[in-house]
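K.L.:
Sharing a structure with you now.
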Amino acid sequence: MRTGARMRHHAEETAVIVAVPEAEPVVGGFRAAHDPAAGWGVGAHVTVLSPFLAPDALDATALADLAAAIASVPRFTAELTAARWFGDQVLWLAPEPGDAFRALTAAVWARFPACPPYEGRHADVIPHLTVGDSAPVERLRAAQAAIEPLLPVRFAVTSARLIRGRAAPDSWTTVAELPLCAPRPGWKSGTGHRHFERPA
């Protein structure tokens with residue numbers, strides 16, 4: 001989901017995420033200090049699609065379509081394997097298999113083509129769990145040094161979560177938990193979409 005100056009302070013938005021509570025013992029303290037989204041009430045997570053629909057567009061049809069998109073992707077197991085950077089401003093953890101998370105994003109975007117990930121700002125959408133965003137680089141490097149010996153963090157992805165809120169303390173709440181489907185015979189984690197193309 002969007003953080004910092006990239007989110008309008010007063011505008012309520014929605015996002016689709018995979019919550020990763022298993023990561024809280026490893027990253028929770030660092031996120032509280034260095035990731036604005038933690039202060040807004042969003043726990044450790046991998047973003048599926050943000051921003052999603054405007055809150056007033058979340059009618060029964062939209063929720064059913066989102067549930068169907070999420071349910072088109074099989075459940076999978078994952079792990080946070082390494083600490084990485086976007087420039088020198090954002091420290092994040094890499095979830096593997098990345099292609100399984102990309103499959104979730106692609107499925108939701110295909111169902112909602114007017115909602116490109118991150119408003120279409122990035123040609124390649126990289127699945128990630130943010131640890132710190134725009135904090136002093138020395139503090140983020142210290143966080144990286146503390147976190148890396150505790151990796152990998154393993155977790156099961158059985159559902160995605162629709163949330164809504166704004167850039168304000170403890171404002172984000174859960175709208176719905178949306179289950180993934182049971183794995184199909186012969187399906188392996190990481191066999192989802194590898195590339196993003198704008199839906200027709």
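The values are calculated or read from the model by the stated rules, or taken from the named source; none is laboratory data. As the structure is a prediction and not an experimental result, all values here were calculated from the model. Cβ: placed from backbone, ideal geometry, glycine included. Neighbour counts: every protein chain shown.
K.L.:
May I ask you to say which residue of Thr14, Thr77, Thr105 is of a type in the set (S, T, N, Q), farther than 18 Å from Thr173 by Cα and either modelled with pLDDT under 95 or not in a helix (DSSP H, G or I) (or both)? Steps first, please.
P.N.:
Working: Thr14 fails: farther than 18 Å from Thr173 by Cα; Thr105 fails: either modelled with pLDDT under 95 or not in a helix (DSSP H, G or I) (or both).
Going through Thr14, Thr77, Thr105 in turn, just one is of a type in the set (S, T, N, Q), farther than 18 Å from Thr173 by Cα and either modelled with pLDDT under 95 or not in a helix (DSSP H, G or I) (or both): Thr77.
K.L.:
Return yes when Trp92 is crowded, with 18+ Cβ neighbours inside 10 Å, at pLDDT 95 or above and touching a Lys or Arg at 6+ places or on another chain (Cβ under 7 Å) and no when it is not. If you could, list the steps in order and put the result at the bottom.
P.N.:
Working: crowded, with 18+ Cβ neighbours inside 10 Å: yes; at pLDDT 95 or above: yes; touching a Lys or Arg at 6+ places or on another chain (Cβ under 7 Å): yes.
Here the answer is yes, as Trp92 does meet what is asked.
For (1) part of a helix (DSSP H, G or I); (2) surrounded by 21 or more Cβ atoms within 10 Å (Cβ to Cβ); (3) of a type in the set (Phe, Trp, Tyr), each residue gets a yes or a no:
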position	(1), (2), (3)
Ala32	yes, no, no
Ala38	yes, yes, no
Val42	no, yes, no
Thr47	no, yes, no
Phe52	no, yes, yes
Asp65	yes, no, no
Ile70	yes, yes, no
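K.L.:
Further question on the same structure: Take the residues in the range 68-104 that are within 16 Å of Thr47 (Cα to Cα) and among the small types (Gly, Ala, Ser), then tell me which one is farthest from the chain's Cα centre (by Cα).
P.N.:
Ala69
K.L.:
Any chance you could count how many residues in the range 145-176 are under 20 Å from Glu96 (Cα atoms), of a type in the set (D, E, K, R) and surrounded by 15 or more Cβ atoms within 10 Å (Cβ to Cβ)?
P.N.:
The total comes to 1.
K.L.:
Which pairs turn up if I take residues in the range 84-112 that are within 27 Å of Pro25 (Cα to Cα) and touching a residue at least 12 places away in the same chain (Cβ under 8 Å) and look for partners that are of a type in the set (A, V, I, L, M) and part of a helix (DSSP H, G or I) with beta carbon separation below 6 Å, at least 6 apart in sequence or on another chain?
P.N.:
Hits for this filter: Asp88/Val137; Leu91/Leu140.
K.L.:
Mind checking which residues of the range 136-195 are closer than 19 Å to Trp92 by Cα and at pLDDT below 95?
P.N.:
Scanning the range 136-195 gives no hits.
K.L.:
So which residues in the range 162-178 are under 21 Å from Ala64 (Cα atoms) and of a type in the set (Gly, Ala, Ser)?
P.N.:
Passing the criteria: Gly165, Ala176.
K.L.:
For the range 123-131, check the following and say yes or no: at least one residue is modelled with pLDDT under 95 and either in contact with a Ser or Thr (Cβ under 8 Å, 6 or more places away or on another chain) or assigned to a helix (DSSP H, G or I) (or both).
P.N.:
Within the range 123-131 (the criterion being modelled with pLDDT under 95 and either in contact with a Ser or Thr (Cβ under 8 Å, 6 or more places away or on another chain) or assigned to a helix (DSSP H, G or I) (or both)), the answer is yes, since at least one residue qualifies.
K.L.:
Which one of the conditions (1) at pLDDT 95 or above; (2) touching a strand residue (DSSP E or B) at 6+ places or on another chain (Cβ under 6 Å) does Ala68 fail to meet, given that it meets all the rest?
P.N.:
Looking at each condition in turn, Ala68 falls short on (2).
K.L.:
Something else about it: Six or more apart or on different chains, Cβ atoms under 6 Å: show the pairs whose first residue is in the range 137-164 and touching a residue at least 40 places away in the same chain (Cβ under 8 Å) and under 29 Å from Thr14 (Cα atoms) and whose second is of a type in the set (D, E, K, R) and surrounded by 14 or more Cβ atoms within 10 Å (Cβ to Cβ).
P.N.:
Between residues of the range 137-164 that are touching a residue at least 40 places away in the same chain (Cβ under 8 Å) and under 29 Å from Thr14 (Cα atoms) and residues that are of a type in the set (D, E, K, R) and surrounded by 14 or more Cβ atoms within 10 Å (Cβ to Cβ), the close pairs are Val153/Glu22; Arg154/Glu79; Phe155/Glu22; Thr158/Arg75.
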